[in-house]
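Q: Have a look at the structure that comes next, please.
Computed from the coordinates by the stated procedures, all read-outs in this text should not be read as laboratory data. Note that the structure is a prediction, hence the values are computed from the model and not measured. When we count neighbours, we look across all protein chains shown, and the Cβ atoms used for this are built from the backbone with ideal geometry, even at glycine.
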Amino acid sequence: MKEYFDSNQNSYETPPIRIVGDASEKIKQKTKEKFQGYFREKHMESVSKEKLEAVIALEYEKSRAETELIEAADNELNDIMRKAEAEPFDVPPKNIHLIPPELYEKINRTQGDAITATQHRAIFINAEKYRNNPLDFGKTIFHELLHLKGHFAVEVEENSNEKEAEASVYRSGLSVFSSQKSEDEYRGHKHFDGLEEGLAGALERRYFQKMINHPILKEQKEWLESDKAAEIKQKISKDENIPIEEISNVKENGDFATFSYPFHGKVLNLLVSEIYEKNKDKFKSEDDVLNVFIKAHFDGKILPMSRLITETFDKDTLRAVSMMSDERDSAAQTLEFLEKKARN
């Protein structure tokens, strides 16, 4: 095990981790050091020994293309963080794991082929889906890095036994987790996780237009700009009833990929456009409004964002948006609700 953790990661700064709760300063400091370790020299020590050994034995070495696309996405997100007045940091490549599908299914039992495990400070990717698929890999790694670079806070409450003090994720990007002090019926609930996915999807779309010009993707760009690819896109759009602008990649055999969370993105777009229309005295453009959501994701201060939604719509709208989950149906229902509000 020691060899795995001894890689040189000195060039990577430890990102800020906020600790909340009623525990003593000693416990809080110990908790902070533990989670900082997960990001660097003690990465993956938080998972079970069985899964750790499996990841070490089975994960794929990253290709040159994958390494360059990770670096490009990391740099782009650092630029976005600077514009949001957040402290940027680089994610160590070792925190990103390309693993075979059978192992991925054991780690992630939900839908999707990539997941950010914020509590482990890690990203896991189904190699079967993204291996030798640089265009989809680059888009996906940007999305997952956005989650990993978001504001991160851990709650730890007072306990009679310091060694057994319970630590739990309290904030991750825009997502707000229920407190340990919550009554049982509210434990395990999250707020704004659907909105976070909408933001990630929206920024993913923007980044894609920039990423496609990366030299490592020259062949993929030429293919997507070909008449044959355009023909396949048109057929997929018609057969699958998918807006053509939502299709990010196609292959000659008819396989295709789309951008993430389209309905969640529509919810965000509607919020941004309505806020801008009703607050032109405060914002010069819709991008200025979007920056309020981006800033909240990185600095964890969601009050300005929440206040804008409430003042533009009402408290019921804020509640509906905060309760929107990462499920498609939830986003569709929220979108319908917002459209009715916008018409009134």
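Q: Based on alpha-carbon centroids, what's the gap between the range 229-250 and the range 64-78 in Å, whole number please?
A: 27
Q: Label Glu71 and Lys282 with points 7 Å out from Cα along Cα→Cβ: what is the distance between them in nm?
A: About 4.2 nm separates the two model spin labels.
Q: Given the range 15-190, what percent of its DSSP beta bridges are antiparallel, to the nearest 5? Intermediate results must be reported in sequence, preceding the final value.
A: Details: 12 of 19 bridges.
Around 65 percent of the beta bridges assigned by DSSP in the range 15-190 are antiparallel ones.
Q: Among the listed pairs Lys94/Lys149; Lys129/Lys190; Lys26/Lys181; Lys51/Lys190; Lys190/Lys315; Lys139/Lys190, give every one whose C-alpha distance is greater than 22 Å. Don't skip to the end; give the middle numbers.
A: Details: Lys94/Lys149 15 Å; Lys129/Lys190 29 Å; Lys26/Lys181 20 Å; Lys51/Lys190 26 Å; Lys190/Lys315 18 Å; Lys139/Lys190 26 Å.
Too far apart for the 22 Å limit: Lys129/Lys190; Lys51/Lys190; Lys139/Lys190.
Q: Also, I was wondering about something else. What percentages, rounded to whole numbers, describe P(r) for the chain computed over all alpha carbon pairs with 20 Å bin width beginning at zero?
A: Percent of pairs per bin, in order: 27, 59, 14, 0.
Q: Further question: Using the Karplus curve 6.51 cos²θ - 1.76 cosθ + 1.60 with θ = phi - 60°, work out ³J(HN,Hα) for each residue of the range 127-138 in order, rounded to whole Hz, and write x for Gly and Pro.
A: 5, 4, 7, 10, 5, 6, 9, x, 5, 5, 4, x
Q: OK, next. To the nearest 20 debye, what charge dipole does the chain have about its Cα centre, counting +1 at the Cβ of each Lys and Arg and -1 at the Cβ of each Asp and Glu?
A: 560
Q: Enumerate the aspartates and glutamates that Lys221 could reach by cross-link, defined here as Cα to Cα under 15 Å, with residues fewer than 8 away along the same chain left out.
A: Answer for Lys221, where 15 Å is the Cα cut-off: Asp136, Glu252, listed by chain and number.
Q: Still on this model: Out of all DSSP beta bridges in the chain, what portion is antiparallel? Express it as a percent rounded to 5.
A: Values: 16 of 23 bridges.
Counting DSSP beta bridges with both partners in the chain, the antiparallel share is about 70 percent.
Q: Over the range 15-190, one equal point on each Cα, no solvent: what is log10 I(q)/I(0) by the Debye formula at q = 0.12, 0.18, 0.19 Å⁻¹?
A: Values returned for q = 0.12, 0.18, 0.19 Å⁻¹ are -0.61, -1.25, -1.34.
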